[in-house]
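Asker: Before we start, here is the structure in question, set down as C-alpha cells.
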Amino acid sequence: MTAADSMPAKRLHAVQARIADAAAAAGRDAATVHLLAVSKTFDAAAVRAMAACGQREFGENYLQEALEKQAALRDLPLIWHFIGPIQSNKTRAITERFSWVHGIDRLKIAERLSAQRPAALPPLQVCIEVNVSGEASKGGVAPAGLPALADAVSNLPGLRLRGLMAIPAPASDVGAQRAAFRQVREALDALIARGHALDTLSMGMSADLEAAIEEGATIVRIGTALFGERVIKHA
C-alpha cells in the first residue's frame, strides 16, 4: 500500500475536500483556508504518517508531549503551533520551539513570550484567544477586554499579532455555530478598523469547520477527522 492509499491519506483528503466545498459555498478560494492538524495525544508515528501525506503544520496542547514529538521528528520540516493554555513556567520552551501560539489571553504571558523569544528567530506569530461564549471553563479574553489587550500585544517586539482564535460553545445547529463564529470575525474587523494589521481567524474544528469557513476562518484546527477518536490517558 502506498502513502496515497493509506488511512492517513484518505482522512487528509476527506478533510481537504470538506474545506474546498465549504470555501466554494462561501465564495472563497480554498487556498485562503489553512489546515492545522491537531496531533495532541497522538504519537510521533501518527504525525510522521500524516506528514508523509503532505501535511506540514501541526498543533499541540501539551508542552512535554509536544517536545518529545519534536525531538522524534526533527528530521522533518514541520511547523509547530502551540494551541493549549499557557502556564508561566512553560513560556520559555514554547517561545523557543514553536512558530505560532494561538491562545494568548493575558498580557503577562504575552510579555514573557516576547522577552524570551530567541533573537535568532523571527517574531513569534500569535493569536489572541477570545471567549465569545462567556464560558467560565474556557480560556480567552472577554470581548470587552480585547481592544486593550490587542493594543498591548501588538507593541511587543518578540511577537507578531496575526489575529484571533476562538473555541465557541459546541452547537449542533449550523445557525448557532455561524452566529458564534460571526462574533469572532466582527471582533477581528473591529481591531482592523482600530488600526491593527491582522489576517488570521483560527476557528473551527472537526464538527463545525464548514460554519467557521463560512464566517471567514483562515485556519481550521482539525484533530478527530484526521487522526480518529482520542483515547483519554489517565495519570
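Asker: Is one or more of the residues making up region 125-136 modelled with pLDDT of 95 or more, among the charged types (D, E, K, R) and assigned to a helix (DSSP H, G or I)? Give the steps one after another, and end with the answer.
Answerer: Kept after step one, since they are modelled with pLDDT of 95 or more, are these residues of region 125-136: 125-130.
Next, only the ones that are among the charged types (D, E, K, R) stay: 129.
From what's left, assigned to a helix (DSSP H, G or I): none.
Within region 125-136 (the criterion being modelled with pLDDT of 95 or more, among the charged types (D, E, K, R) and assigned to a helix (DSSP H, G or I)), the answer is no, since none of the residues qualifies.
Asker: Among the residues in region 76-89, are any surrounded by 15 or more Cβ atoms within 10 Å (Cβ to Cβ) and among the polar types (S, T, N, Q)?
Answerer: Within region 76-89, not a single residue is surrounded by 15 or more Cβ atoms within 10 Å (Cβ to Cβ) and among the polar types (S, T, N, Q).
Asker: Is there a residue being under 15 Å from the mean Cα position of the chain (by Cα) and either more than 20 Å from GLU229 (Cβ to Cβ) or part of a loop (DSSP other than H, G, I, E, B) (or both) anywhere in region 39-50? So that I can check it myself, show each step before the final result.
Answerer: Residues of region 39-50 that are under 15 Å from the mean Cα position of the chain (by Cα), as a first pass: 39-40.
Next cut, either more than 20 Å from GLU229 (Cβ to Cβ) or part of a loop (DSSP other than H, G, I, E, B) (or both) only: 39-40.
Within region 39-50, one or more residues are under 15 Å from the mean Cα position of the chain (by Cα) and either more than 20 Å from GLU229 (Cβ to Cβ) or part of a loop (DSSP other than H, G, I, E, B) (or both).
Asker: Which condition number does ASP189 fail, the rest of (1) in contact with a strand residue (DSSP E or B) (Cβ under 8 Å, 6 or more places away or on another chain); (2) of a type in the set (Asp, Glu); (3) over 24 Å from ASP21 (Cα atoms) being met?
Answerer: Every condition holds for ASP189 apart from (1).
Asker: Related question: For region 115-160, enumerate the residues that are under 19 Å from ALA93 (Cβ atoms), among the aliphatic types (A, V, I, L, M) and out of contact with any strand residue (DSSP E or B) (no Cβ under 8 Å at 6 or more places or on another chain).
Answerer: If the condition is that a residue be under 19 Å from ALA93 (Cβ atoms), among the aliphatic types (A, V, I, L, M) and out of contact with any strand residue (DSSP E or B) (no Cβ under 8 Å at 6 or more places or on another chain), then ALA115, ALA119, ALA120, LEU121, LEU156 are the ones that fit.
Asker: Go through region 157-181 and give me each residue that's in a loop (DSSP other than H, G, I, E, B) and either surrounded by 14 or more Cβ atoms within 10 Å (Cβ to Cβ) or basic (Lys, Arg) (or both).
Answerer: If we filter region 157-181 for residues that are in a loop (DSSP other than H, G, I, E, B), which is where we start, we get 157-158, 166-173.
GLY158, ALA166, ILE167, PRO168, ALA169, ALA171, listed by residue number.
Asker: Looking at (1) part of a helix (DSSP H, G or I); (2) among the small types (Gly, Ala, Ser); (3) within 19 Å of the chain's Cα centre (by Cα); (4) surrounded by fewer than 21 Cβ atoms within 10 Å (Cβ to Cβ), which one does ALA150 not meet, given that it meets all the others?
Answerer: The one condition ALA150 does not meet is (4).
Asker: Picking from ALA190, ALA217, which residue would you name as being assigned to a loop (DSSP other than H, G, I, E, B) and in contact (Cβ under 8 Å) with a residue 40 or more places away in the chain? I'd like the intermediate steps shown before the answer.
Answerer: Values: ALA190 fails: assigned to a loop (DSSP other than H, G, I, E, B).
Checking each option against the conditions leaves just ALA217.
Asker: Now a separate question. Has region 75-84 got any residue that is over 17 Å from the mean Cα position of the chain (by Cα) and either aliphatic (A, V, I, L, M) or within 27 Å of ALA171 (Cβ to Cβ) (or both)?
Answerer: Our first condition is that a residue be over 17 Å from the mean Cα position of the chain (by Cα); within region 75-84, this holds for 75-77.
So of that shortlist, the ones also either aliphatic (A, V, I, L, M) or within 27 Å of ALA171 (Cβ to Cβ) (or both) come out as 76.
The answer is yes; a qualifying residue exists.
Asker: Considering LEU35, LEU63, which residue is free of Cβ contacts under 8 Å to residues at least 60 places away in the same chain and of a type outside the set (Phe, Trp, Tyr)? Don't jump to the end; show me each part of the working.
Answerer: On the way: LEU35 fails: free of Cβ contacts under 8 Å to residues at least 60 places away in the same chain.
Of the residues listed, the single one that is free of Cβ contacts under 8 Å to residues at least 60 places away in the same chain and of a type outside the set (Phe, Trp, Tyr) is LEU63.
The values are calculated or read from the model by the stated rules, or taken from the named source; none is laboratory data. This structure is a prediction, so every number in the text was calculated from the model and none was measured. FYI the Cβ positions are ideal-geometry reconstructions off the backbone, even for glycines, and counts take in every protein chain you see.
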